[in-house]
Amino acid sequence: MNPNKTYYADDRLNNCCAYCGGFAETEDHVPSRCFLDKPYPQNMRVVPCCQKCNHDFSIDEEYVSCLIDCMKEKTTNTNLIRRKKTRKTLSHSFGLSERIKSQFRKFADIEICDIEKNRFELVMSKLAFGHLAHENSSINWDSEYKVDMWLLENMSNLLLNDFENPYSGDVVPEVGSNSLSRILVGLDDSAICCDWVMVQNGRYRYCVSPDSTKVKFVIAEYLAVEVSIMSHNV
């Protein structure tokens, strides 16, 4: 961690892990670099993080990232996966490769993937909590939440249009927060909108609601995710 850096609008939370509320000894990229390709974007977003969260989440994130790319390519054959990072990871991690292969099966000539839903939801909530911390200075450890996931290619036009629209409301983000510098005022001068943030074209983009109750993001232009925060603790 950089002791001279302010991570939240309220610097009293500066040493607070964005994911568990414990003492933060390090930083964590939001999103994690496993979801991005080199060269990484400049000025990548970071939040304070404890060593335990930084280590524990990385295993699940690697699994989720690789599985998404396998699902997108509709194969677990490493040689047929176009993304270099995923090919390299699966080639060097026999256990992960075999685990992912075991979750693919055929049903009537259709490839079906039985994901480990609990691991997916854990990673998606972690990403959402990180975005809320960085954008709105909203800390949400132990908050109740709900994760919804869709494949972009399977979404109806109505659902897709609704998902792609930026969040709007009448609540202004926290004073001093990153979101506040990007808010858009609606045509009626009353709706506050927070537009999509493109982290890396084709790999990751996200949108945070002004009132810190929802976060949505798209991974690899394939998996659409929305995390709804049901209760706040900070």
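Read the figures in this text as sums done on the coordinates, not as results from a lab. This structure is a prediction, so every number in the text was calculated from the model and none was measured. Note: ideal-geometry Cβ built from the backbone for every residue, glycine included; neighbour counts use all protein chains shown.
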Q.
Amide H of Tyr204 versus every other amide H placed in the peptide plane: which residues, excluding those fewer than 5 positions away on the same chain, fall under 5 Å?
A. Val199, Ala220
Q: Determine the gain in length on full extension of the stretch His55-Leu158; use 0.36 nm per residue of separation and subtract their C-alpha separation, reporting nm with one decimal.
A: 33.2 nm
Q.
For Thr86, Thr76, which order do you get if you count the other beta carbons within 10 Å of each Cβ and list the fewest first?
A. Thr76, Thr86
Q. Can you list the HN-Hα couplings for region 14-28, worked out from phi with the Karplus curve (6.51, -1.76, 1.60; θ = phi - 60°), rounded to whole Hz and with x for Gly and Pro?
A. 4, 9, 9, 4, 5, 10, 10, x, x, 6, 8, 9, 9, 10, 10
Q | Two-site label geometry, Ser231 and Leu80: point separation in nm, points 7 Å out along Cα→Cβ | A | 4.7 nm
Q. Distance in nm between label sites at Phe23 and Arg99, each 7 Å beyond Cα in the beta-carbon direction?
A. 3.1 nm
**Q.** For Ser32, distant residues with modelled amide H under 5 Å away
**A.** none
Q) So which lysines pass the test for Lys52, namely a Cα distance under 21 Å, with those fewer than 8 places away in the same chain ruled out? A) Lys126
Q. What ranking of His29, His134 emerges when the number of other C-beta atoms within 10 Å of each C-beta is taken as an exposure proxy, fewest first?
A. His29, His134
**Q.** Estimated vicinal HN-Hα couplings, Hz - region 157-168 in sequence order (Karplus 6.51, -1.76, 1.60; Gly, Pro = x)
**A.** 4, 5, 5, 5, 4, 5, 5, 6, 5, x, 5, 9
Q. Listing Arg203, Arg82, Arg99 from the residue with the fewest other Cβ atoms within 10 Å to the one with the most, what is the order?
A. Arg82, Arg99, Arg203
